[in-house]
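The structure appears right after this line, and notes come after that.
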């Protein structure tokens, strides 16, 4: 059985051990088991350690039926004894996030009676799911304040193994899911919880905790947070963004929100004006098309907004209810067709357009007065328009 060095000293970065076994797993990767290891296997919401054994990268660690398997990038040459080194930066980050989660979950439970249902330690962001559908800003602020005060107090973190029958002596935040000997992680006068993960030796090592956001998720609330070095990295990124914005907008930091809101309002007003002007242009365009008194108006377009063409077709038949409109438009590799029939027109639009959609392997639909569709076609606009024209002639015969 492998001795778990990460439980005796969570800050041990390297070790030596005897090779117990080396085999190839079902996925084709080689794995090795050792007499002792500092590599923490995936479990309890915490990802595994990575690092090297005898210079060979360890790409995964898992515990299966009591056996800790170190998944290797390549086969380990014949060695009775090996030297292992964990990726300390990754391990310490995991310790900070996991301990931060304990404190945050305890703060929500102790003050607001919100139980943590699940925990995920991600590469960039961690999350906990709270057993409540409602979570307010003041509650989040209070929980974060409690945690960061606890970090500043630098309280020692205790770990101990207890028998199952001794559990009743402790005020655990959550009932253990394991049996037999149970490992407890204890922050004195604040939290007691069963946990098999790695933790720092004091709360101060967590550095800081910051909640990023919270949202309702499946009748619960998902809280996203970060701890330690991740807080500094997040601060650097956001500070740089803020500096760039102040330069780009020529505004001091305290006026940024006002400046952005003002610009967004101007942009919205400008967009309304542009839409109004485009609509006017469509009426001018429609007037030109019906000027010759044609009863069937056919046009081809390239890279034109389909929404604009829909509006244009409707304007034309409103202005001249005696005509029928057929538009074919190409946008990159996609062909789109529109048919519109004036109230008094005798030329149908629906059947010719639906037949054309079949011809061009497209899809669409509509009413007797307005129909549209499109498809990915290698054919030309002129071929489709010619086909529509032939279909119209068939209908009129």
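If residue 232 satisfies all but one of (1) assigned by TED's automatic domain parsing to the domain that holds residue 129; (2) touching a helix residue (DSSP H, G or I) at 6+ places or on another chain (Cβ under 8 Å), what's the number of the condition it fails?
All conditions are met except number (2).
Could you please tell me which pairs satisfy a Cβ distance under 7 Å, a separation of 6+ or placement on different chains, a first residue in the stretch 128-155 that is assigned by TED's automatic domain parsing to the domain that holds residue 201 and more than 16 Å from residue 109 (Cβ to Cβ), and a second residue that is in a helix (DSSP H, G or I) and at pLDDT 95 or above?
Qualifying pairs under 7 Å: 151/203; 151/204; 151/206; 153/203; 154/203; 154/204; 155/203.
Considering each residue of the stretch 186-217, count those that are in contact (Cβ under 8 Å) with a residue 40 or more places away in the chain, more than 26 Å from residue 156 (Cα to Cα) and either in a loop (DSSP other than H, G, I, E, B) or touching a strand residue (DSSP E or B) at 6+ places or on another chain (Cβ under 7 Å) (or both), and give that number.
Qualifying residue count for the region: 3.
Within the stretch 74-89, can you find the residues that are within 28 Å of residue 123 (Cα to Cα) and in a strand (DSSP E or B)?
The answer is 83, 84, 85, 86.
Could you identify the single residue in 255, 233, 298, 229 that is surrounded by 11 or more Cβ atoms within 10 Å (Cβ to Cβ), out of contact with any strand residue (DSSP E or B) (no Cβ under 7 Å at 6 or more places or on another chain) and touching a residue at least 12 places away in the same chain (Cβ under 8 Å)? If you could, list the steps in order and put the result at the bottom.
On the way: 255 fails: touching a residue at least 12 places away in the same chain (Cβ under 8 Å); 233 fails: touching a residue at least 12 places away in the same chain (Cβ under 8 Å); 298 fails: out of contact with any strand residue (DSSP E or B) (no Cβ under 7 Å at 6 or more places or on another chain).
When all the criteria are applied, what remains is 229.
Every residue in the stretch 128-173 that is out of contact with any helix residue (DSSP H, G or I) (no Cβ under 9 Å at 6 or more places or on another chain) and in a strand (DSSP E or B), please.
Within the stretch 128-173, 129, 158, 160 qualify.
Report, by residue number, each residue of the stretch 207-226 that is surrounded by fewer than 17 Cβ atoms within 10 Å (Cβ to Cβ) and either over 19 Å from residue 138 (Cβ atoms) or not assigned by TED's automatic domain parsing to the domain that holds residue 153 (or both).
217, 218, 219
The values are calculated or read from the model by the stated rules, or taken from the named source; none is laboratory data. All values derive from a computational prediction rather than experimental measurement. Quick reminder, even Gly has a Cβ in these numbers, built from the backbone with ideal geometry, and neighbours come from all protein chains shown.
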